[in-house]
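Laboratory data are not the source of any read-out in this text; all were calculated from the coordinates shown. Since we're looking at a predicted model, the values are computed, not measured. No Cβ is skipped: glycine too gets one built from the backbone with ideal geometry, and neighbour counts run over all protein chains shown.
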């Protein structure tokens, strides 16, 4: 969850920066450093989309009420079912 | 012959004479005992038949039939020896068409509806980008494979957590409820998918069970259901936050399309650059605007100075002795260029110059005469 809250927060921050750069309130120096921050956020967003890979797990509740998480192997679906 | 012996003898004859058979009639006086067995009558215009359904058979009924409902009962003819009454021992009971299933469904639906659980206003919105998706289904089923494939393709970063349950038959409802509770309370789960592939009405029945529907409604995170095919609407669909027609569509509903997200990042990235470029261009424009204004200001100032200079020149002109000379006056200067203004500066025979507007006259003093005394002085 954290990664993707991260993604949404990153995108929100990017939008804020893009809006700020579109206005004239910033002086040029601030605009430049904001742009650099924006580039960093773009890299971060792309990283979250391209490189983070989700796991597939199975959650089992044992008879004693304990919860166990194990990796689950799910084969890819073949062509669409009718 | 004792009563009980006769009853047993008739029973043996009766049971031997009839194969198990289907009997059609209307249900009357249906009673379900605490022990689970059911007593009722079947009747038509002209007759009536006592029936009993034992606990194990009665448990398989989706619901109790309504009074007067037309049903087919499969069973064998027998005698209740203690009462000496002849009866049908029912193994199964079916309403015409889907009657009993439909009836059970409608009864549950009305109860849930009365509590507001099917109210569309209860539906929660799904998270835009879930980090962790919980799936309740049979771990070997095609439904899980479909959901996982779609999530993998669209949003490969998503964690998927599966909680296994049977999805048909006795005990399935309880397992689904347990799985929903386990996953629903597991930290970090953003949304749940409850799914199963297609099947008969009986196969899908556990998704119509009241306890399952209630577990969906009570789930602390939003639930998307995808049970059976598009035409199958089950009870859980009515209380879910979203209903998907198939497991694949459920996958599409719960996660965003990564390609669209990437396009969004590209768009924002481009607008960052263009924003900065625009900001720089506006800064340049401002510089040139300001310097233009400065130039105008200087030229304006110069212009005003020029006009003033002309005025001053005109006034200087007025003060110049040349103007006076122009009017016919002359200036007397001695040899060293001193202006001779008073009589005492002249002496007889002194040489001096007279400056006129167009040249000089060299002259000598002949006679000096004061203005008031008429003293002599002349210029030669």
Set the Förster radius R0 to 56 Å, insert the Cβ-Cβ distance between residue B:290 and residue B:351 as r into 1/(1 + (r/R0)^6), and round the FRET efficiency to 0.05.
-> 0.25
What's the average, rounded to a whole number, of partner chain beta-carbon atoms within 10 Å of each residue's beta-carbon in B:258-271?
-> 5
Neighbouring Cβ atoms within 10 Å as the yardstick, rank B:67, B:349 fewest first.
-> B:349, B:67
Centre separation in Å (Cα based) which lies between the stretch B:344-361 and the stretch B:150-209 = 131
When you have a sec, figure out the Kirkwood radius of the stretch B:1-137 from all distinct Cα pair distances and drop it here in Å to one decimal?
-> 18.0
On Cα atoms only, tilt of B:258-319 relative to the major axis of chain B in degrees = 20
Most fluctuating of B:269, B:248, B:35 in the GNM of chain B (C-alpha, under 10 Å) is B:35
Quick one: angle between helix B:142-154 and the longest Cα principal axis of chain B, in degrees between 0 and 90, rounded to 10, please.
-> 10
Taking only the C-alpha atoms, wrap a convex hull around the stretch B:209-335 and report its volume per residue in Å³ as a whole number.
-> 255
Kirkwood-based Rg over Rh for the stretch B:20-71 (C-alpha set), two decimals?
-> 0.96
Given the convex hull over the Cα atoms of the stretch B:43-93, what projected area results after averaging over all orientations, in nm²?
-> 4.1
Ascending count of other beta-carbon atoms within 10 Å, so fewest first, for B:159, B:362 | B:362, B:159
When B:282, B:308, B:214 are arranged by how many other beta-carbons sit within 10 Å of their Cβ, fewest first, they go B:308, B:282, B:214
Global size of chain A as Cα Rg and Dmax, reported in angstrom = 21.1, 64
Binned Cα-Cα distances of the protein assembly as shown, short to long, each 10 Å bin given as a whole percent = 4, 13, 14, 11, 10, 8, 5, 5, 4, 4, 3, 3, 4, 4, 3, 2, 2, 1, 1, 0, 0
Calculate the spin-label point distance for residue B:74 paired with residue B:277, positioning each point 7 Å from the Cα along the beta-carbon direction, and give it in nanometres.
-> 7.6
To the nearest 10 degrees, how steep is helix B:3-17 against the longest Cα principal axis of chain B, on a 0 to 90 scale?
-> 70
Could you work out how far apart the two model spin labels at residue B:362 and residue B:342 are, taking each label as a point 7 Å from the Cα in the direction of the beta carbon, and quote it in nm?
-> 2.9
Hey, could you pull the Cα Rg and Dmax for chain B, both in Å?
-> 59.0, 202
Computed lengthening from residue B:202 to residue B:153, 0.36 nm per intervening residue step minus Cα-Cα distance = 14.3 nm
Here, residue B:297 and residue A:12, labelled 7 Å along Cα→Cβ, have an inter-label distance in nm of 4.6
Rounded to the nearest 0.05, what FRET efficiency is calculated for residue B:333 and residue B:306 with R0 set to 35 Å and r the Cβ-Cβ distance?
-> 0.45
